Structure formats: structure tokens, C-alpha cells
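A short write-up of the structure that comes next.
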Amino acid sequence: MKYFPIDKQLYIQNRKNFMAEMKPKSLAVFNSNDIYPISADSTMPFQQHRDILYLSGVDQEESILVLFPDAVDEKHREVLFLRETNEHIAIWEGEKLTKERAFEVSGIKSVYWLSDFDKIFFELMTQAETIYFNTNEHYRQSVETETREDRFIKSTKQQFPAHTYAKSNPILQRLRSVKDQIEIDVLQTACDITEKGFRRVLGFIKPGVWEYEIEAEYMHEFLRNRSDGFAYTPIIASGNNANVLHYIQNNQKCQDGDLILMDVGASYANYSSDMTRTVPVNGRFTDRQRSVYDAVQRVKDEATKLLVPGAFWKEYHVEVGKLMTSELLGLGLIDKADVQNEDPDWPAYKKYFMHGTSHHMGLDTHDYGILWEPIKAGMVFTVEPGIYIPEEGFGIRIEDDVVVRENGEPFNLMRNIPIEAGEIEDLMNS
Ligand code: GLY
Ligand code: MN
Ligand code: MN
């Protein structure tokens, strides 16, 4: 791992919180992700499943975590199963977790090799009445492959058809959406690395550079700061490419007079950051670009203030829609008649701002959170309004990541990343 170790108290507390929500005589199982094949013997780089990571800190393939608060033998209340490591594996693949190291990372004392799993799991299941399966109920999920977790669920249901099944996911959605201070510190590190990348490209962008060269500058800065790389596929979109919301080709030359929208975030210790900045390729906004930019920034600033404990995500979006409507009227992009005649399901402002304003952010870029429950202190959200005007050849989005706080004043994890149009111009011309 490139990242510094994370305090294992986080994982000890996370397991405690999860187990407090479990029914009597129940156990819960969490599997690592598979290493996904490409072809021949090529594989994708390993990405740990965020749930086992959240509960154990174990960032390694073929690992299984079992939580069983009512286990007869106290040592089986928290159990880890790991792929056995030995000298041969150490020579070919490098360091893997030993049992001692797994304890240091996770705080779990009972660590077995995977070869012991079937026997111990059978014994634990004879003491349990309910098993919690870890299905994926994220509101944006769309998974076609069969995961390691899916295979485990299938085989366990076959082997233990008389048990009751329960769902881990709602518990994890609630727990993971509210961040511990240790997590907020890690998210801050991810955002600080993103800041370094942004400052680097401000000195690099000029007419004639290619979008992929800018992508490379970010990657360079991220890796040299112990980032795992991009938290998601970056969008480096100059000119009208910014109006393709999921533009990821990043293969065009930046033209004088165009803006460039960059939706880029560093991942650190598997935590995301999610930033968008839009800057002028030649270092100066035109008056029109600047008017639209300032309008987007006003919406962002006002929207951020609405992220307070007790607010609801859906109503928040309705309020942001009103802010955006007023700015679009001011910019002459829509008129009063458009607003009076608007379809309530697709208000007039959606013509220029057609995506959501905020999502939970954390171990996943689009993180867990139950959207119909009230917003709580400790939740981390993006705030990312945009105005997209294909007929004028540019699109502007700005995006910061903020922590909701008890005192009602959100804390901006990206407060140090330049955002004012004037400051960006000064930095690009210094
Ligand atoms: N970068 C993904 C998003 O902004 O949601
Ligand atoms: Mn983004
Ligand atoms: Mn985002």
C-alpha cells in the first residue's frame, strides 16, 4: 500500500456499531472483491470491497470477515479469514498480511487461514439462526458480473436452507454515510492531494496542450503524494466537450478562448475526493464566461448552506433548483414564460443544469446514504452545480466536498482549492 496506516480504532468502532444493530443469534459475513480478469493472465488492479475495508481495514483479496456477537466462544465474535501467506508467495507476490499484521491493521485477534473457513463457518452456523448477507442496494448500482459475495450467498443458501436471512446493506448505508473524524482526516488528505494536482495544472494549461497531457499532470502529482490514483475516471473536457456530462475520452487539443472543465479527484487509502474546476485555456475568462461562472459559484455557495442536519436530500434539490432558476433568468438563458409553463417533473432550469447537485462521498465516490432519511452531522456531500450551454460552446461546473456539521455550518474540505475566477486568472498568469 502506498498510504500510511489508518488508526485501527476506526475499524474496532465500526464493527461495534454494526454489531449493535444485529438481531440476537445472528452472524454477518463480508467478502473481499475478486481480482477481475482481462484476458490471458492479465488482471485489473485489485480494488477492495469498501464494506469489508470499512469493518476491518483489510485491503487484500480473498479475505472474509465474520461478525457473530453471540458466538458461544468469545474468540469467535470477530473472525478474519485470510489467504495463507508463505515464503513462496512472498517471493512472487510480495508482502501479504500475516496473522500478526492482520491484528495490527484490524484489531481482530482471531485470524485463520482461508483453508479453515468451511469447518469453522459450519460450526458457527450451527449456533446461529440468522445470517446477514451483504447485497448491493446502492441507489445507482448496476452490476452485471457475479461477485465473490454473490457466489458466497448462493452457496450458503444451498448449504444452510433452514436459516433466516437478513440484510447488512441498510445497516452499512446508515453507518458509512456518517463519517468518523478519522475518516474525515483521510478524506482531507485525498482533497489536499487533489489540490496539489489542480495547482500543478494551473501552471500547465495553455492553448495547444492536449486534454490527456493535463490528465497526465494530475496523475503525476497524485502518485508522488501516495495517492492510489484517480478516484474515478477523470473528465478533462475543453470547449463543447464539457457539455457531454460523462466525457472521458480526454483526447482533444485545448483551444484559445475555450474553457476547460476538469472533474478530477485523487483517491487516498481507498477514500475518494471529487472535485470539479472550470478554467479558461488562455488564462482569462471572457465577460460572458465570467458571468456564467460567477452564477454557478453563487448557486454552489448558497446550496452549501442548505446542507444542515435535519434537511432532506430531495427538498434540498428543489431549493437548489429555485436558486438555479433565478440565475438562469439573470443570464437570459430562460425567461419568465419558460418558468410559468414548466413541467414540474422537468423544470425549465433542467435545460441547462440536468444533473443532481449533491451525492454522498467517502469510501465510494458516490457513497452510501439513505436518501429519504434526514441529513445528519458527519455526512460528507459534494456540491456540484453546473450550467451547460452547447450553443455558446462551453459548460461550467464547480464541485467541492463538504462535511455537514452540528452547528449548521458545513465544513469545506476543498476550502484551499482555488475557485474564485479572479484567483484562478491570477494563478494562471503568474
Ligand atoms: N465525478 C463524479 C461525480 O461528480 O459525481
Ligand atoms: Mn465530480
Ligand atoms: Mn460528484
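Take the Cα coordinates of the range 1-153, assign each an equal point scatterer, and use the Debye formula without solvent to give log10 I(q)/I(0) at q = 0.09, 0.13 Å⁻¹. Values returned for q = 0.09, 0.13 Å⁻¹ are -0.30, -0.63. For the pair H88 and E423, a Förster radius of 56 Å applied to the C-beta separation gives a FRET efficiency near 0.50, rounded to the nearest 0.05. If I take R0 = 22 Å and measure r between the Cβ atoms of A216 and T286 in this structure, what FRET efficiency does the formula 1/(1 + (r/R0)^6) give, to the nearest 0.05? Using R0 = 22 Å, I get an efficiency of 0.20.
The dipole here belongs to the range 1-82: it is taken about the Cα centre, uses +1 on the Cβ of Lys and Arg and -1 on the Cβ of Asp and Glu, and is about 320 debye. Report, for the chain, the % of DSSP beta bridges that are antiparallel, rounded to 5. Of those bridges, close to 75 percent are antiparallel. Ordering G321, H355, Q289 by the projection of their Cα atoms onto the charge dipole of the range 281-362, which places +1 on the Cβ of Lys and Arg and -1 on the Cβ of Asp and Glu, puts Q289 at the extreme positive end.
Applied to the range 140-154, the Karplus parametrisation 6.51 cos²θ - 1.76 cosθ + 1.60 on θ = phi - 60° returns per-residue 3J(HN,Hα) values of 10, 5, 7, 10, 9, 7, 8, 7, 4, 4, 4, 5, 5, 4, 4 Hz, with x for Gly and Pro. Based on the Stokes-Einstein relation at 4 °C and a viscosity of 1.567 mPa s, and on the Kirkwood radius from alpha carbon pairs, the range 313-430 is assigned a translational diffusion coefficient of 80 µm²/s.
For the range 1-61, the fraction of alpha-carbon pairs lying more than 12 Å apart is 73 percent, rounded to a whole number. In degrees from 0 to 90, rounded to the nearest 10, what is the angle of the helix 181-202 Cα long axis to the longest principal axis of the chain? Taking the Cα atoms of the chain, the angle to 181-202 is about 40 degrees.
Of K16/K314; K8/K179; K196/K351; K109/K179, which sit over 23 Å apart, Cα to Cα?
Numbers: K16/K314 31 Å; K8/K179 15 Å; K196/K351 34 Å; K109/K179 25 Å.
Going by Cα-Cα distance, K16/K314; K196/K351; K109/K179 fall outside the 23 Å limit.
Using a Gaussian network model of the chain in which every pair of alpha carbons under 10 angstrom is joined by a spring, one finds that among H359, H49, H246 the greatest mean-square fluctuation is at H246. Computing FRET efficiency as 1/(1 + (r/R0)^6) for F46 and K336, where r is the C-beta to C-beta distance and R0 is 35 Å, gives about 0.05.
Using only the alpha carbon atoms of the range 151-304, find the Kirkwood hydrodynamic radius as the inverse mean reciprocal pair distance, in angstroms to one decimal.
About 18.0 Å for the range 151-304.
Evaluate the Debye formula for the chain with equal point scatterers sitting on the alpha carbons, no solvent, and hand back log10 of I(q)/I(0) at q = 0.10, 0.12, 0.14 Å⁻¹, in q order, two decimals. For the chain, the Cα-only Debye profile gives -0.77, -1.03, -1.27.
Of the residues V201, V279, V299, the one that moves most in a GNM of the chain with alpha-carbon contacts below 10 Å is V201.
Read-outs: derived from the displayed coordinates by stated rules, not from any lab. Keep in mind that what you see is a predicted model, and the values were worked out from it rather than measured. All Cβ positions, glycine included, derive from the backbone under ideal geometry; neighbour counts span all protein chains shown.
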